Each structure stands twice: as C-alpha cells, then as structure tokens.
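The values are calculated or read from the model by the stated rules, or taken from the named source; none is laboratory data. Please read all numbers here as calculations on a predicted model, not as lab measurements. Neighbour counts run over all protein chains shown; Cβ positions are idealised from the backbone, glycine included.
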Amino acid sequence: MAPKKTSKGARGGGSSSSGGALEPPKPFRIAPDSLKPFTSSLSKKHVYIAHVDQKPASFKRKIFSVPIMLNAVVFALFLWRMWYIIPYYVALLSSSFLGYENSTTIRMADLTYRQFFAVAGRRTLTFLFDFVLAVFVWPWPIEFVFGRKHGSPVLWRTAIGFRDKEIYVRRSRSWDTQVYGVDIFSEKPQGNEARTILWDMVRNATSPMLLQEKTGYLTMNGDWDLDWKAMVKATTLVDKKEIPLDAFRTLVLCHHDKFGWIAIDMNESGENAQEAERRRQVFAFRDALTAIGKENLFYRWIEVIQFETQQGGFTQERQIEVAQKIRDLFKENGVDFDAFWKEAVGSDPSVGL
C-alpha cells in the first residue's frame, strides 16, 4: 500500500518511530519487532488475519476428515476415468493419425448426416468433459496434498498435527488490489475508499461470532483464503518460543511503504477490549465443556450467573457464596471448575465465578 501523501491524522497523531517516521493514526500501529520473524515471510501485496482457534482437537480432526474424503473420492474417480478413457483416446489417435482401422474409425460413406452429427456431438462432449476434469477438477487433490505456492492443508497438518490451540492465518483474495498501491491514510477520495474497503473486509472477517462459531478451517470464503505456509511458520515460531501464542490472537497485518508492516487494533474499532476478551473466554469455556459432553452444564452455569447478578445486593460475601455454589454444581457433574477453567480458557478461574 504505497503512500502518496501523508494524511493529517498521520502527521498530527503519531510519535517518531525508531526510523524517524511518524506513527500511523489509530487504530493502526506499527507491527512490533517481535513479529519480524513472521512478517518477513509474508507477501507485501496482501492483507493477513491471524487468530487462535481453541476448538477441541477432536472436533478439528472430524472437520478435516471431510475434505480428505472428498479429495480421495475425486482422485479415485479421476484414476477410474483415466483407466476407462485412455484406451479410447489411443484408438482414436491410431485411427486418425496412423490410419489403423478400429472401433473409433468413421467412414463418411456409411453414415447419414444424422449419424455423423450424433458421433461428432458425442466425441465433442467427451473431449469437453475430459478437458474440464483435467484443467479444473484434477488440480483440487494435487493442491490439497502438495500446494505449489502457499503450501497445502496436508503439508500443514503433517507439520503441526491437531491441537486444541491452533494458529490460523488468512490471506486476502483479489479484493486487495483495490487497496494495494493506495495510501490508506490519505484523505483523498481514493484513500478514503481504500480505507473503507479494508475496514469492511477486516471487520467482517474478525467478527467475534464468526471466530467463535466456526473452526479456523471453515473461515475460508470468497474474500479470504487460508495461507498454509504462513500457518506452519507461525506455529513453528510459537513452538520455538520466538513469538508468544497470544501475539496471534486476532492479529491483522498489512504493509505500508512508509511504515512497513502495520497492525490494526480491532478493539479501537468499537468493541471494548475487556468485553472482547470476556466474550472469547465464555466461548472457549463453552467449547471445552461441549467437547467432554457437558454442554448442559455450560447453560446451567450461565443461568446461575444471570440469576444471581439480577438479584441485586451482589456484595463481596454474596459473590463468595455464588462462587462456591458454582464450584459445587460442577463438582456434582464430575468437573473441577477451577482446574477446568484454567485449562480451557487460560486465565484466573475467578473470572468465571
């Protein structure tokens, strides 16, 4: 996103960076240096969104089994088609170019016009069908397994396996051509339009409901594609302790020629940071309970919290009583609330009491 003219917001709202450049206006900020091992592997022509999916590994395994089976079926059908049709094409070529008579040979003198056009029509449809298979269908299983440019789902799963906490990285599709090469901080019409497009795309893609209801594999759509290589890179960096996992929680990155890689603070765009974190914790807790077949316990927990907070007079003593009530409720169902919350959410269990 090449800058053409620095906007007033960028001139007046930032402080000098290490290179002497001004900070971009909020909610944009220069990506921290700690992310350089990750951003160095990204294309500057795309916008990227990373988030941490906390759906249970067993659930992700089930989701991933669907494309595996679909691609296996496509591959098997393609092999069957080759086994069935190759002898036909060999015979056709032998008859057409080598002059050998066989079942594909056509004698015009022996055919009526109706018969000739029927044969020509069938062969045309056969050629068209096989062309579509070879050009449009065959690449599916090939890309699924090998992935020539951005990696592949199989290579990604082979590298990281299935985890309860996985990093997903989405890469913008063709819409980013409306943003790339434009100074998104410019107040000119072109800059305003590019900034609006970027905001709309990013806001829709980072909706808390979307990220919590869908596992990361299902966040691909017409606007965003998963970058398998970037996902392997991010996971490897976290495994090596070079970048903390929390750095990838709803991380939005795009490149600007003046500021380099910049991140977008989505909490500045409307939702309070504390509310967003609270929402994430609740969904993570629900998913963890669902994974062990205790989804009803989640809704009973919600009922207790709502009932007690609506009673009024929620004093410190009352809070202690409610906390014990919740612990007892979970204990009756064979769950240690404090330990389970800590494992599922990763924060102090008192937050959920």
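Values for this structure:
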quantity	calculated
Selected residue (only one of 139, 153 is surrounded by 10 or more Cβ atoms within 10 Å (Cβ to Cβ), without any contact (Cβ under 8 Å) to a residue 24 or more places away in the chain, under 30 Å from residue 234 (Cα atoms) and not basic (Lys, Arg))	139
Some residue of segment 172-185 being at pLDDT 95 or above and crowded, with 21+ Cβ neighbours inside 10 Å	yes
Single unsatisfied condition, residue 278 versus (1) at pLDDT below 90; (2) surrounded by 15 or more Cβ atoms within 10 Å (Cβ to Cβ)	(2)
Count of segment 210-231 residues which are in a helix (DSSP H, G or I) and more than 24 Å from residue 287 (Cα to Cα)	3
Single residue of segment 319-353 satisfying the filter (among the polar types (S, T, N, Q) and assigned to a helix (DSSP H, G or I)) that is modelled with the highest pLDDT	324
Residues located in segment 279-309, provided they are touching a residue at least 40 places away in the same chain (Cβ under 8 Å) and among the basic types (Lys, Arg)	279, 280, 294
Any chance residue 330 is closer than 20 Å to residue 346 by Cβ and in contact with a Lys or Arg (Cβ under 8 Å, 6 or more places away or on another chain)	no
